[in-house]
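Derivation of every value follows stated rules applied to the coordinates shown; laboratory data play no part. Being a predicted model, the structure only gives us computed values, none of them experimental. Virtual Cβ from ideal backbone geometry, glycine too; neighbours counted across all protein chains shown.
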């Protein structure tokens, strides 16, 4: 499909996933300056006026980069659409006042005021989905694209193979698709496009960058891990997701015998359903961890991904 104007001139066809705690203004700015869409969850900006300050600072830095001859990509803000997010209405208004170019909405279809408000100034709304039913509901709400969170994605993720999920949704939808699920290399970015997605969605690979707000143990845990160190459970938030085995063990839990959480008790205001908090103590990761063995700067990482992407295209004579 033809990409929205704001996404037509990316250096790589990549949106960096918004990650709780990890995604901060410094990471977002460096992602955008490197030519890929940077993003953060609105809930990461904590304290009165913090979201406004983050948005003001990000916009100023990207404007300065553009004035100096750069070609920064747009940024995105993630909104958790769930009753436990008591900041949602206020955060939407703050983002609309800043004319955030890209919204990423999660869990439930976005409210009309967000979709209409973004469209009023040319912004777009992308929605996370894990199955066809969720995709159809999001499209009915007027979103501009779907983020397919397939098996193996970091944090909250579905169980369907990306081949199955992309294929089934392409049967009825020819619009913008962003694909998530173990995408950690330039080869995987090209693979996402080959199977029918327009853009790739990358999270875990950017945790291991110098700008990411993750402690050294988290980054080293990813570098040391393989795919079988990723545990899929709904214990920590009420929504199934992928987490690093090491962090679960450190929290005093048995990763092979975790209880099932009551999904009706999801609480994104308090941060989780157990004493060990998701994202802070229990580290979200995707199954692509076995392909990550360093923690470069964001600029260096995007350079490397671009080289891998071009090499993969060359091997296929594209």
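Using only the alpha-carbon atoms, what does the chain span along each of its principal axes? Please give whole angstrom values in decreasing order.
Largest first, the chain extends 50, 47, 41 Å along its Cα principal axes.
Of the beta bridges DSSP finds with both residues in the chain, what % are antiparallel, to the nearest 5? Let's see the in-between values first.
Working: 7 of 37 bridges.
In the chain, DSSP labels about 20 percent of beta bridges as antiparallel.
How long are the semi-axes of the ellipsoid equivalent to segment 170-212, from square roots of 5 times the Cα gyration tensor eigenvalues, in whole Å, largest first? Could the numbers behind the result be given before it?
Working: eigenvalues 114, 22, 9 Å².
Working from the Cα gyration tensor, I get semi-axes of 24, 11, 7 Å.
Please work out the C-alpha center-to-center distance from segment 101-168 to segment 1-54 and express it in whole Å.
First find each Cα centre; the distance between them is then 16 Å.
Run through all the Cα pairs of segment 1-100 and give the fraction in each 10 Å bin from 0, expressed as whole percent.
16, 48, 30, 7, 0
Going from the alpha-carbon gyration tensor of segment 43-131, what semi-axes, largest first and in whole Å, does one get by taking the root of 5 times each eigenvalue?
Details: eigenvalues 110, 49, 27 Å².
Sorted largest first and rounded, they come to 23, 16, 12 Å.
Short version: what are the Cα gyration tensor semi-axes of segment 60-202, square root of 5 times each eigenvalue, largest first, in whole Å?
On the way: eigenvalues 125, 85, 37 Å².
Listed largest to smallest, the semi-axes of segment 60-202 are 25, 21, 14 Å.
Would you please put 200-206, 73-79 in order of how densely packed they are, using the mean number of other Cβ atoms within 10 angstrom per residue and starting with the highest? Kindly include the intermediate steps, with their values, before the conclusion.
On the way: 200-206: 27.1, 73-79: 24.1.
Ranking the peptides 200-206, 73-79 by packing returns 200-206, 73-79.
Taking 7 Å along the Cα-to-C-beta vector as the label spot, tell me the residue 223-residue 84 distance in nanometres, rounded to one decimal.
3.4
Where q = 0.24 Å⁻¹, what log10 of I(q)/I(0) comes from the Debye formula for segment 180-241, counting one point per Cα?
-1.11
Given 10 Å bins starting at zero, what is the percent of C-alpha pairs of segment 121-184 in each, up to the one with the largest pair distance?
Result, from short to long distances: 23, 56, 19, 2 percent.
Using alpha carbons only, what's the Rg to Rh ratio of segment 158-309 with Rh from Kirkwood?
On the way: Rg = 16.5 Å, Rh = 16.6 Å.
Rg divided by Rh gives 0.99.
Which three lengths, in whole Å and largest first, does segment 87-132 cover when its Cα atoms are put on their principal axes?
Its Cα atoms span 32, 23, 14 Å along the three principal axes.
Can you tell me which of 28-40, 153-165, 218-230, 178-190 comes out highest on packing, and rank the rest after it, using the mean Cβ neighbours within 10 Å? Could you put the intermediate results ahead of the total?
Details: 28-40: 26.1, 153-165: 21.5, 218-230: 17.9, 178-190: 24.3.
Packing order, densest peptide first, comes out as 28-40, 178-190, 153-165, 218-230.
What is the distance, in nm, between label points placed 7 Å from the Cα along the Cα-to-Cβ direction at residue 307 and at residue 164?
According to this spin-label approximation, the distance is 3.8 nm.
Can you tell me, using C-alpha contacts under 8 Å and at least 6 residues apart, the relative contact order of the chain as a whole percent?
On the way: 653 pairs, mean separation 54.6, N = 318.
So the answer I get is 17 percent.
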